[in-house]
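Derivation of every value follows stated rules applied to the coordinates shown; laboratory data play no part. All values reported here derive from a predicted model rather than from experimental measurement. Here the Cβ is made from the backbone with ideal geometry for all residues, glycine too, and neighbour counts use every protein chain on show.
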Amino acid sequence: MDKPSLNIVRAADIAAHSQEFAHPWNPASQMIGMQVSRSVGLKRAAVNFIRVPAGRESYVYHSHQHEEEWIYVLSGRAVALIDDEEYEVGPGDFIGFPTPSVAHLLRNPGPDELVYLIGGENLPYDVADFPKLGKRMIRTGKDVEVVETGDNA
């Protein structure tokens with residue numbers, strides 16, 4: 001019998017502790033998931049297990065200036081909007097955003113649920129741009145400031 005380990009997050013725990021969330025600036029955003037890296041005490045790397053229902057989007061179209069980000073599709077299909085171009089992605093596809101990154105978003109056209117891992121860096125600071133909204137978020141530690149850029153594209 002396996003003894004419990006603080007270094008392992010079991011699939012049953014992910015299913016039991018996943019929460020639904022959405023980005024407040026995107027009415028099509030709907031994700032169900034868990035920050036698995038935090039569950040095992042990781043502080044410098046972020047890994048999240050995410051499910052997106054059919055017809056919904058992941059987050060809000062954004063880019064990062066300092067934190068690299070990646071996505072690995074486990075199941076389902078998605079349209080990846082990357083730098084205003086659309087790409088179909090599916091199981092086994094890997095997407096990476098070195099910094100400064102280009103804007104990106106995942107959209108699930110259905111009919112199946114989209115399931116993926118997303119991860120990146122947990123730096124003490126970052127700047128994220130939201131080009132379609134004309135906003136910039138500046139994060140320093142726990143302090144977050146949002147400024148209008150006027151660059152709505």
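Condition check for A80 on (1) farther than 15 Å from R107 by Cα; (2) touching a residue at least 12 places away in the same chain (Cβ under 8 Å); (3) hydrophobic (A, V, I, L, M, F, W, C): one failure, at (1). For region 113-134, a residue qualifies if it is outside any loop (DSSP other than H, G, I, E, B) and in contact with an Asp or Glu (Cβ under 6 Å, 6 or more places away or on another chain), and the qualifying residues are G120, E121, D126.
Pairs meeting the criteria (first residue in region 18-44 and touching a residue at least 12 places away in the same chain (Cβ under 8 Å) and part of a strand (DSSP E or B), second residue loosely packed, with under 13 Cβ neighbours inside 10 Å and not aliphatic (A, V, I, L, M), beta carbons under 6 Å, at least 6 apart or on different chains) are I32/E20. Restricting V9, V47 to those that are part of a strand (DSSP E or B) and either over 30 Å from N152 (Cβ atoms) or touching a helix residue (DSSP H, G or I) at 6+ places or on another chain (Cβ under 6 Å) (or both) reduces the list to V47. Annotation: R107 fulfils all but one of (1) within 14 Å of the chain's Cα centre (by Cα); (2) among the charged types (D, E, K, R); (3) farther than 20 Å from K132 by Cβ; the unmet one is (3). Scanning region 85-93 turns up one or more residues that are over 25 Å from L42 (Cβ atoms) and of a type in the set (A, V, I, L, M, F, W, C). Counting only residues that are among the hydroxyl-bearing types (S, T, Y) and out of contact with any strand residue (DSSP E or B) (no Cβ under 6 Å at 6 or more places or on another chain), region 1-56 holds 2 of them. Quick check on region 140-152. Is at least one of its residues closer than 30 Å to I8 by Cβ, in contact with a Leu (Cβ under 8 Å, 6 or more places away or on another chain) and either touching a residue at least 40 places away in the same chain (Cβ under 8 Å) or not aromatic (F, W, Y) (or both)? No, region 140-152 contains no residue that is closer than 30 Å to I8 by Cβ, in contact with a Leu (Cβ under 8 Å, 6 or more places away or on another chain) and either touching a residue at least 40 places away in the same chain (Cβ under 8 Å) or not aromatic (F, W, Y) (or both). The number of residues in region 135-153 being in a loop (DSSP other than H, G, I, E, B), loosely packed, with under 12 Cβ neighbours inside 10 Å and not polar (S, T, N, Q) comes to 4. Annotation: of all residues in region 61-106 being small (G, A, S) and within 18 Å of A28 (Cβ to Cβ), the one that is surrounded by the most Cβ atoms within 10 Å (Cβ to Cβ) is A78.
Scanning region 47-56 for any residue that is within 19 Å of L133 (Cα to Cα) and surrounded by 11 or more Cβ atoms within 10 Å (Cβ to Cβ) turns up at least one such residue. Screening the candidates P124, P91 for the property of being without any contact (Cβ under 8 Å) to a residue 24 or more places away in the chain and under 20 Å from S18 (Cβ atoms) yields one hit, P91.
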